[in-house]
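S.K.: Take a look at the following structure, please.
The values are calculated or read from the model by the stated rules, or taken from the named source; none is laboratory data. In this text, all values refer to a predicted model and were calculated from it rather than measured experimentally. Cβ: placed from backbone, ideal geometry, glycine included. Neighbour counts: every protein chain shown. Accessible surface areas use protein heavy atoms only, side chains included; no ligands, DNA or RNA. Shrake-Rupley method; radii C 1.70, N 1.55, O 1.52, S 1.80 Å.
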Amino acid sequence: QLQLVESGGGLVQPGGSLRLSCAVSENIFNFNSMAWYRQGPGKARELVARINVGGRTTYQNSVEGRFTISRDSAENMVFLEMSSLKPDDTAVYYCNARLLRKEYWGQGTQVTVSS
């Protein structure tokens, strides 16, 4: 059974940086894309960044230029480098794998941006 395990969340001050990691139990190239989503307090889950099997990346407008999604195919890991963090970035961040119409999710990791 596929497992996606996120790590790297925590409390950070505004303007700070964090790196989230997602360990995938299968070859990440088995999937059409890997992505990071987030769900803030009282908000719907939203796409943050996606990387497709060919390496093309897309970002939510609010994180463009501040966040970077990347992958390590040898280790089956996906990362989200976050910088210039804002209080509005506070959310639970979820790793996502997509294969055709199927979506797979990790359990999430909390990111809190606060002074």
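S.K.: How much length would be gained if the chain were fully extended between Asp88 and Glu46, taking 0.36 nm per residue of separation minus their Cα-Cα distance, in nm to one decimal?
M.R.: Working: separation 42, 0.36 × 42 = 15.12 nm, distance 1.29 nm.
That pair, Asp88 and Glu46, stretches by 13.8 nm at full extension.
S.K.: So, one more: Run the accessible area of the chain with a 1.4 Å probe and give the carbon-and-sulfur part as a rounded percent.
M.R.: Numbers: 2830 of 6150 Å².
Exposed carbon and sulfur together represent 46 percent of the surface.
S.K.: Would you please give the FRET efficiency between Val5 and Ser115, computed as 1/(1 + (r/R0)^6) with r the Cβ-Cβ distance and R0 = 35 Å, to the nearest 0.05?
M.R.: 0.75
S.K.: Compute the longest continuous run of the chain that contains no exposed GluC sites (Glu not before Pro); treat a site as exposed when its DSSP state is not H, G, I, E or B and it has at most 11 other Cβ atoms within 10 Å.
M.R.: With a cap of 11 other Cβ atoms within 10 Å, the longest stretch comes to 1-63.
S.K.: Sticking with this structure for a sec: I'd like to check one number: the per residue accessible area of the chain, probe 1.4 Å, reported in Å² as a whole number. Can you show the working numbers first?
M.R.: Numbers: 6150 Å² over 115 residues.
On a per-residue basis, 53 Å².
S.K.: Along Cα→Cβ, 7 Å out, is where each label goes; now give me the distance between the ones at Ser17 and Thr58 in nm to one decimal.
M.R.: 2.7 nm
S.K.: Across region 14-29, in residue order, what do the Karplus-derived ³J(HN,Hα) couplings come to in whole Hz, using 6.51 cos²θ - 1.76 cosθ + 1.60 with θ = phi - 60° and x for Gly and Pro?
M.R.: x, x, x, 10, 8, 10, 8, 10, 10, 8, 10, 7, 10, 4, 5, 7
S.K.: Going by amide H atoms built from the backbone, whose H comes under 5 Å of the H on Phe31, apart from near neighbours?
M.R.: Hits under the 5 Å cutoff: none.
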